[in-house]
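Before any comments, here is the structure.
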Amino acid sequence: MKWLPVFVLLTIFSGPIAYGQMYGGIEENSPNITNQKSATFPMVAYTDDKMYEVDMSWEPHTILTNQKIIFIFQFYDYKTGGLVPMVDYQFVISQNNKELTRISGTTSQAGDYKYFAFEHPGPVTIRLEKIGDTDAFVSFNTTVNQNPNPAGPVTIVQPSPNISNKERYIFPIIEDVIVGALLSLLLWLTKGPILRKLNLIK
């Protein structure tokens, strides 16, 4: 029984470990976000169909031109509040009625992130569209400030995709195998002595 806490913890964390990286919370004020639930990072918005709650953060919090910004986001089930893994989406940034970038992706257990650098100051809109292969979307509005010390154009290389179509099917199987093995071992450790006393096993 002394190993019981260890196996319980391993079972809890087996899913996040299998699916990838984890992100910590950010707590600072943020400018004007649509459909927001709170006024601090991470910002929270809901899809109109009430299927998803979306958390969005970015670093640095004050966005300057010619600076690499990392946008971090996660999808939650609106009704249960539980994290929803492997959600397809399109990450879109617009400024002055012009689309600056559109990137398709799929979240891991811990969400996803994208990089971007703005050339011009002014209001911008960050949207997550086609959420879960539907017409659902959320949008976040903020402002880009002029960089007082510009270092010139910034080269952006997006992070590698979190998950491939092959991994989309393999990861749940791996997670089930891990959890099943842990539960079997836990059962053997707890029931083994009893079964030996009954001479059911040697």
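The values are calculated or read from the model by the stated rules, or taken from the named source; none is laboratory data. The model shown is predicted, which means the values in this text are computed figures rather than measured ones. Don't worry about glycine lacking a Cβ; one is built from the backbone with ideal geometry, like all the others, and counts go over all protein chains shown.
When the stretch 139-154 is examined, which residues are found to be under 22 Å from TYR113 (Cα atoms) and at pLDDT below 80?
Matches in the stretch 139-154: PRO153 only.
Among the candidates TYR76, TYR52, TYR46, which residue alone is among the hydroxyl-bearing types (Ser, Thr, Tyr) and within 23 Å of SER160 (Cα to Cα)?
TYR76
All but one of (1) buried (at least 16 other Cβ atoms within 10 Å of the Cβ); (2) at pLDDT below 95 hold for LEU64, so report the exception by its number.
(2)
Hey, does the stretch 144-153 have a residue that's on the phi > 0 side of the Ramachandran plot and not hydroxyl-bearing (Ser, Thr, Tyr)?
Step one: filter the stretch 144-153 for residues on the phi > 0 side of the Ramachandran plot, giving 152.
Next, from what is left, pick out any that are not hydroxyl-bearing (Ser, Thr, Tyr): 152.
Yes, the stretch 144-153 contains a residue that is on the phi > 0 side of the Ramachandran plot and not hydroxyl-bearing (Ser, Thr, Tyr).
Which number in (1) modelled with pLDDT of 75 or more; (2) over 26 Å from MET56 (Cβ atoms) marks the one condition that ILE194 misses?
For ILE194, the failing item is (1).
Determine which member of the set TYR115, TYR52, TYR76, TYR46 is surrounded by fewer than 19 Cβ atoms within 10 Å (Cβ to Cβ), in contact with a Gly (Cβ under 8 Å, 6 or more places away or on another chain) and in contact (Cβ under 8 Å) with a residue 12 or more places away in the chain.
TYR76
Give the stretch 84-113 a look and list any residue that's on the phi > 0 side of the Ramachandran plot and out of contact with any helix residue (DSSP H, G or I) (no Cβ under 7 Å at 6 or more places or on another chain), or say none. Walk me through how you get there before you give the answer.
Initial filter on the stretch 84-113 (on the phi > 0 side of the Ramachandran plot): 86, 96-97, 111.
Hits for the stretch 84-113 are ASN96, ASN97, GLY111.
Using the structure shown, decide if LEU100 is more than 17 Å from TYR46 (Cα to Cα), modelled with pLDDT of 95 or more, of a type outside the set (Phe, Trp, Tyr) and out of contact with any Ser or Thr (no Cβ under 6 Å at 6 or more places or on another chain).
yes
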